[in-house]
Structure formats: C-alpha cells, structure tokens
Amino acid sequence: MLHRLSLSELSARLARREVSAQEALQACLDQIDRVDPQVKAFLSIDRADARAQAEAADQELAAGGDLSDRPLLGVPIALKDVLCQRGQPVGCGSKLLDGFISPYDGTVVAKLKAAGAVLFGRLNMDEFAMGSSTENSAYWTTLNPWDPTRIPGGSSGGCAAAVAANEAFATIGSDTGGSIRQPAALCGCVGVKPTYGRVSRYGLVAFASSLDQIGPFTKTVGDAALLLETISGHDRRDSTSLPEPVPRYRDFLGATSLEGLRIGVVKEFQIGGLDPEVEASVRQAVAHLESLGAQVREVSLPHSDYAAATYYILAPAEASANLARFDGVRYGRRVDGPDPFELNSRTRGAGFGAEVKRRIILGTYVLSSGYYDAFYLRAQKVRTLIRNDFDRAFGEVDAILSPTAPTPAFRVGEKSSDPLQMYLSDIFTISCNLAGICGMSIPCGFTQSPKLPIGLQLLGKPLGEGTLLRIAEAYERTTPWHREVAPLG
Ligand code: GLN
C-alpha cells in the first residue's frame, strides 16, 4: 500500500530509511502496470532513467548528510507532457512534436531535481493544453479513476488521473484557464494555480503566455504547500516571474481556527447548468468553514459573465502567435513540400489536431486588421474590468469560494462534439487566470450515484497562496473527503 501514501508521509519514511527510493518508485510502477491500461494517464515512462535516479537517491539517503534542502529526495513525481526535461520527450500531446526530445531542463524541472525528486514519466494532456477532458490529445483519452467511462478533466487530465490512481506521489501541470483546478476537482485531488509570475514559465511550452502558470497536483494540501515552495521563485529566464521572496508555505498549515478570516462567496456562481449536488456540496463547505471561525459574506464579481468570451478571444490570439514556431523547420515533425510555404502548411495541416486548428484560426481572426479593435482590444479592456472586480472584492475578503467546475466528471464523448459546452466547463476557473490571481481546488464531497468527486475552488489575492493553503488545510483536516480512494487507486 506504499503507493497510497501522501508525498509528505513518503518523504518522512524515506528520511527515516524505513523505505527506499527504489521501493517507492517500484510501488508507482507496479500500480501503473496494474491500473494504467485502464486509466491511460501516462504517454511514456523512462523506467531505466527513473531507476538510476532512485538508486542515486538511496545512496544519498544512506550517506545521511544534511538533507534539509532536499525535501523531495527519492520521491517519484511525473510531469505533464508540456514541461521540458532534458533528454526526455516533450510532445504536448501533439503529433506535431512526436519524437521531439528536450535539450534542456525548464526551471521547474531543475528545481524539482535540485530538491531530489525522481522524475519518471510524461502525462497525457489535451493537445497543446487546449481542452477540458484530454479528448483532444492526439494519442488517447485518459479516463477517470473514479469511473473509467468518464473523462478526468483537462487539459492536465493525465496529471490528475495519475494522482487519483496513486500512480505518482504528485504531478506537475499547467493552468491557462483551469487546466490544473478543473481536472483536480473532477478526479478528487488538490490542484494549485499559483499567482501569475509566482512560478517561472521557462521550459513550459507556451499556450497563452499572459495566462499560463505551472502548478502541483497532490493528494493533500500539505503536499501542495511543499511543492509550491519548491517550484516558486524569481527566475531571470522568465521576465514575467516576480522578484518577491518565497514564503515557507508549510508554515501556513495547522491553523486550529479560521477566526478573523473573511471569506467571500461569489454571488454570480448560481448559473444555469450548475449541478445541484455540486452546489449543495459547495454550500456545505462554506458552512463548514464558517463553523471553523471564518466570517462568510457574499461578494459580487459583476463581469463574470464575460470571462469565458474574453478568454476565448485572448487565449486563442496568444496561441496563434505562440504556435507559429511549429513550422516544420525548427521542431518535431516535418512533412516536406516543394517550397517552404508548402512545407509549413503541410506540416501544420498534418501535425495539428482539429481543436488546435480551431484556436489558431480564431486567434488569427481576432488579431487581423479590421477586427483587432472590435475583438482583441475590447477583450483586453474587459480583462481589466474583471481584474478590477477582484481587486474590489479582495478589499473586503481574504479569499473567495466557488465550485471549481459546474458539473462532476462527464462521460467520454458527451461534450466533444460541442466546443461551446466544453468551453463552459471552465466557467468558474477562467477569471482567475484573466485577473492573474491565485486559485486552488480541493475535494469537498461526492455525488451520490455514481460516486464522483466534487471540487471547491478557493481564489486568493496576488501572492495570497499562503492564505489559501491555510484555509484549505484547515478544511481538509476536519473533513473526510481526501481520505477516500478511487476504485482504480
Ligand atoms: N480548457 C481551457 C482551454 O481549453 C483551459 C485550458 C488550460 O488551462 N490549459 O483553453
């Protein structure tokens, strides 16, 4: 049952040498052999490389020096296929990058290595992180460990499913409009989207550069605090990373009361299409936090209605520019043609899937002359209004609560032919990225039948991660949800 331990439990046992890094890795690999044929979270696993890392970790553990700056020593962690790890494939769930090997470590990967993690696999995702179900992966759809007829959410569906299936002690993904929080909610794990600039994006293949952030998926809030501490910080290789010092996020854990904290519940979260069981669980969670001493009041984010429309102009606009680099010359796959134009168009025609093409076309359209002012510029202005809504709300409260996703995990195929329905699964998560603030999702209950996880979203001020972790951990410690194990866990 080693694979079911939390990251913090595992690292405590590793430090006491009750278990070895090689045993921890083997526990993950055995669990993967057992359940991944059904879950399909992993695109690839480099077992030999992982074993070598685990062996080196065991030697270091045996040597027994000062390991205080190696908090992840020997802990197996897997990465979304969008993060660059030197010598490993980085394919973004796309045929276009099939066979591409990263020549360098991104900053987050370098930090994980420096903390001692054993990095062992690449996790499935919607192609170039565009989607909410992993159905846009060029390879296959990952399935939800709670019910394998359902999707795990997306775009980091592989990350969430791997944690829920106990195939990894934690995973690292990216969130542009909800891609960490929504799959975390649908798979019943903890997912954090840090404040824009908190974590360096160097070595993250860009989708929409003004919205993208990297963050952890974990089994507990404490594990998320540890990982956030590890991967955060200024990086001269990412000019948008913030120069602020990184607090010791673990110091925010263990609050016995939430006395003095003001929590806002979003008035506008009662939208049509909100599942009644999701709503009931979130209301119960609010009442629970109130019983822990928090002061609850309603807050208004009047421009919420426009968030999805704004996002689906700005994110495709940025994507259309970012994805121009996949030209058949510099990266990955090439389909030859008689001239450079043909080479480019044949490569992109064959390499990109339907959703990525849709986004590039949308993005190119809203940026084109004659439409730029009507769409792109206007969307930028609405983005400012959304940001102002949050600034105002955070004048009154320390954190804001809502559901993470309007429904629990939906069936494979249920929304894949209707892009608009799919886009609406991010209705509660998108504005956080537009405003650049931080957010996280934690388990807050289950639907009755079938039994599917429900996620509570907590939104915080810029660099307010500590406050969110404090609330989330107090909630977790006094509720049973995180202890439930998925049927494929
Ligand atoms: N589902 C959203 C989209 O398709 C968000 C994806 C993400 O956060 N990467 O754009």
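Bridges between two residues of the chain, per DSSP, are antiparallel at a rate of about 70%. With contacts taken as Cα pairs under 8 Å at a separation of at least 6 residues, the stretch 401-489 carries a relative contact order of 28 percent. Taking GluC sites (Glu not before Pro) across the stretch 304-394, none is in a DSSP loop with at most 10 further Cβ atoms lying within 10 angstrom of its Cβ. Cβ-Cβ distance of residue 369 and residue 418, R₀ of 30 Å, FRET efficiency by 1/(1 + (r/R0)^6): the value works out to about 0.45. Panel note: the C-alpha atoms of the chain, placed on their principal axes, show extents of 62, 53, 46 Å (largest first).
How much length is gained on full extension from residue 256 to residue 101, taking 0.36 nm per residue of separation minus their Cα-Cα distance?
Length gained, residue 256 through residue 101: 51.0 nm.
In loop segments of the stretch 216-290 as defined by DSSP, the GluC sites (Glu not before Pro) with at most 16 further C-beta atoms inside 10 Å of their C-beta are 259. Given a Förster distance of 56 angstrom, what is the FRET efficiency for residue 329 paired with residue 298, based on the Cβ-Cβ distance and rounded to 0.05? That gives a FRET efficiency of 0.55. Take residue 3: with every protein chain present and a 1.4 Å probe, its accessible area is about 10 Å². Once the C-beta distance of residue 267 and residue 381 is scaled by a Förster radius of 30 Å, the resulting FRET efficiency is 0.85 to the nearest 0.05. Rolling a 1.4 Å probe over the protein heavy atoms of the chain, with every protein chain left in place, gives an accessible area that is 51 percent carbon and sulfur.
With the simple spin-label model, which puts each label point 7 Å out from Cα in the Cβ direction, the residue 209 to residue 140 separation comes to 3.6 nm. With only Cα atoms counted, the stretch 410-485 has Rg and Dmax values of 15.0, 41 Å. For a paramagnetic label modelled on residue 4 (point 7 Å from Cα along Cα→Cβ), amide N atoms under 17 Å away belong, within the stretch 448-486, to 480-486. Remark: the stretch 156-171, residue by residue, has Karplus-estimated 3J(HN,Hα) of 7, x, x, 4, 5, 5, 5, 6, 5, 8, 6, 8, 8, 7, 6, 9 Hz, where x stands for each Gly or Pro and the curve is 6.51 cos²θ - 1.76 cosθ + 1.60 at θ = phi - 60°.
In terms of distances greater than 26 angstrom between alpha carbons, the cross-link table entries 40/219; 40/461; 40/451; 193/381; 219/267; 267/461 yield 40/461; 219/267. Amide H contacts for residue 445 (H built 1.01 Å from N in the peptide plane; partners 5 or more residues away or on another chain; cut-off under 5 Å): 454. Across the stretch 41-57, rounded Karplus estimates of 3J(HN,Hα) from the backbone phi angles (6.51 cos²θ - 1.76 cosθ + 1.60, θ = phi - 60°) give 7, 8, 7, 7, 9, 9, 5, 5, 5, 5, 4, 5, 5, 5, 5, 4, 4 Hz, Gly and Pro being marked x.
Quick one: longest stretch of the chain between exposed loop trypsin sites (Lys or Arg not before Pro), exposed meaning at most 13 other C-beta atoms within 10 Å and loop per DSSP? Present the calculation step by step, with values, prior to reporting the outcome.
Numbers: sites that count: 16, 17, 236, 237, 248, 330.
The longest uninterrupted stretch comes out as 18-235.
For the stretch 4-43, the square roots of the Cα gyration tensor eigenvalues, ordered a ≥ b ≥ c, give a/c of at least 1.5 with a/b greater than b/c, which places it in the prolate category. Fully extending the segment from residue 38 to residue 477 would add 154.9 nm, taking 0.36 nm per residue of separation and subtracting the current Cα-Cα distance.
Modelled spin-label separation between residue 114 and residue 449, with each label point placed 7 Å from Cα along the Cα-to-Cβ direction: 5.4 nm. The GluC sites (Glu not before Pro) of the stretch 13-55 that DSSP puts in a loop, and whose beta carbon has at most 10 other beta carbons within 10 Å, are 18. Place a point 7 Å from the Cα of residue 62 along the Cα-to-Cβ direction; which residues of the stretch 1-31 have their backbone N under 15 Å from it? What the label zone holds, given the 15 Å backbone N cut-off, is 17-23. Using only side-chain charges placed at the Cβ, +1 for Lys and Arg and -1 for Asp and Glu, the dipole size of the chain relative to its Cα centre rounds to 440 debye.
Using the Karplus relation 6.51 cos²θ - 1.76 cosθ + 1.60 with θ = phi - 60°, the per-residue 3J(HN,Hα) values for the stretch 247-264 come to x, 7, 4, 5, 5, 7, 8, x, 4, 8, 9, 9, 3, x, 8, 10, 10, x Hz, with x marking Gly and Pro.
The values are calculated or read from the model by the stated rules, or taken from the named source; none is laboratory data. Remember, it's a predicted structure, so these values are computed and weren't measured experimentally. FYI the Cβ positions are ideal-geometry reconstructions off the backbone, even for glycines, and counts take in every protein chain you see. The area values use the complete protein model at the heavy-atom level, side chains included, leaving out ligands, DNA and RNA. Shrake-Rupley method; radii C 1.70, N 1.55, O 1.52, S 1.80 Å.
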